[in-house]
């Protein structure tokens, strides 16, 4: 059965058939359809199947109205009377007078631009899937009495033919896997983290990991902000056993000159901390003890 054909009359998976013309094409291919279904197939697919379609304007001959249908029937009856009378005159050998018959000429309707709803064979497959689900739910609710076995066998045929599941079985619900509870490979840290049961507590780190200190409050008048980094050397002098200095601040706060020496590590996706983290190593202050001068003979001797 060749229904979904492109303008070159070749089978296509593109949207090439108007949903309201589908019933007529199926009849031409020899499929038997109920008269009610023949007139309403397009509307059923759009309403109950929610078939995906592409609006497109194309030239089509408008459907025949009731008046036009009556005129055509009357014209066909008069034409038949005319042909029968002409044959009878030939049999009787008498002269046939055509003026006695007033034949009404019915002009063919010209195509006009109409809004089409183009669909493809793929759209039809998924529409059938959706309508089967709809009928299956109504059957389970007891709203409709007829069984859905015939529809289910049809969906199974689609599954075998197109290698895709079309819901001929109950859908299996899969829940998301539980996220990993391993925070750190180090057993000591992992044990501490497992004891935390809220988002505000910051547990103390094991002694071997205490290699940093933090600035919790820093205030500097704007006029002297450019000299903020001068305090960092003395801060490290207060904690000679620590190599890192950290500081945090809310996201909307503008960075001060103090943070020029700090690095901004990337935020982890599982981190729920609300502030931005900045960190620096004491070696980044070596530039404060460095200076440049012209070389002298004494410098060459020392070198």
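Tabulated values for the structure
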item: When residues of the stretch 62-85 are limited to those that are in contact with a helix residue (DSSP H, G or I) (Cβ under 9 Å, 6 or more places away or on another chain) and surrounded by 13 or more Cβ atoms within 10 Å (Cβ to Cβ), the one farthest from residue 113 (Cα to Cα); result: 85
item: Pairs where the first residue, in the stretch 24-40, is more than 14 Å from residue 5 (Cβ to Cβ) and the second is assigned to a loop (DSSP other than H, G, I, E, B), C-beta under 7 Å, 6+ apart; result: 27/33
item: Members of the stretch 240-253 found to be surrounded by 14 or more Cβ atoms within 10 Å (Cβ to Cβ) and under 17 Å from residue 285 (Cα atoms), listed by number; result: 242, 243, 244, 245, 246, 247
item: Total residues in the stretch 17-29, condition modelled with pLDDT under 90 and not in a helix (DSSP H, G or I); result: 1
item: Qualifying residue in the stretch 151-161 (condition: at pLDDT 80 or above, closer than 23 Å to residue 42 by Cβ and in contact with a helix residue (DSSP H, G or I) (Cβ under 7 Å, 6 or more places away or on another chain)); result: no
item: Exclusive hit being in a loop (DSSP other than H, G, I, E, B) and surrounded by 13 or more Cβ atoms within 10 Å (Cβ to Cβ), set 32, 108, 52, 95; result: 52
item: In the stretch 205-215, residue modelled with the lowest pLDDT [restricted to those that are farther than 17 Å from residue 273 by Cβ and part of a loop (DSSP other than H, G, I, E, B)]; result: 206
item: Enumeration of residues in the stretch 254-293 that are exposed (fewer than 10 other Cβ atoms within 10 Å of the Cβ), at pLDDT 85 or above and in a loop (DSSP other than H, G, I, E, B); result: 254
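The values are calculated or read from the model by the stated rules, or taken from the named source; none is laboratory data. Computed from a prediction, not measured in an experiment: that's the story for all the values here. Methodologically, a virtual Cβ is constructed for each residue, glycine included, from the backbone with ideal geometry; neighbour enumeration extends over all protein chains shown.
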